[in-house]
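Please read the structure below before turning to the comments.
The values are calculated or read from the model by the stated rules, or taken from the named source; none is laboratory data. Note that the structure is a prediction, hence the values are computed from the model and not measured. All Cβ positions, glycine included, derive from the backbone under ideal geometry; neighbour counts span all protein chains shown.
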């Protein structure tokens, strides 16, 4: 097995485990990779040496503390600046607040803040990803890119309004509102980014949008 193939498989293992909150057994990892259990065992052992994964008492494999340390170094200034803003936004809207950044054609969640109020939680966590063509966050990313011919009506509407509102595109019953982290069309965080809120209840989108734009401008000022 070449070094590049080993690296690719190791990264694939991390991705597989990240999507399994209850952890995975070696046999399950091998099945997902399509390799023999002995190969999966060696990959896990190497990742374990570097603290990227850890074994529970029952032998199931979960992400390790090394992943947390590594992730903490991803755009630390932007994430540090956005945390108090997201907490305030979540409080003001009684909805889950988030920061997303584009990775190619995907929209990736990099920070999340939950409201203090008891509510039905949305399945939108750090590391979640979805196409930029879907969801309020995806549209808020896509609207920062040059317009395409015959682009979807919801994207054209988001460009016109300066923010995006979607219902049920990523999760049935979920309502999302998001706005680009940009000023006059120019990126302010060195990346295609957006902030927004999502909720499973009857979100007042007018009030949520007003709060979102206010806190978005606050975050832009903090970054500048």
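Remarks
- Verdict on residue 144 being outside any strand (DSSP E or B), more than 21 Å from residue 92 (Cβ to Cβ) and touching a strand residue (DSSP E or B) at 6+ places or on another chain (Cβ under 6 Å): yes
- Residues of segment 147-189 satisfying the condition of being exposed (fewer than 12 other Cβ atoms within 10 Å of the Cβ), in a loop (DSSP other than H, G, I, E, B) and either on the phi < 0 side of the Ramachandran plot or touching a helix residue (DSSP H, G or I) at 6+ places or on another chain (Cβ under 9 Å) (or both): 147, 148, 149, 172
- Just so you know, in segment 190-214 the residues that are within 17 Å of residue 101 (Cα to Cα) and in contact with a helix residue (DSSP H, G or I) (Cβ under 6 Å, 6 or more places away or on another chain) include one that is modelled with the lowest pLDDT, and it is 192.
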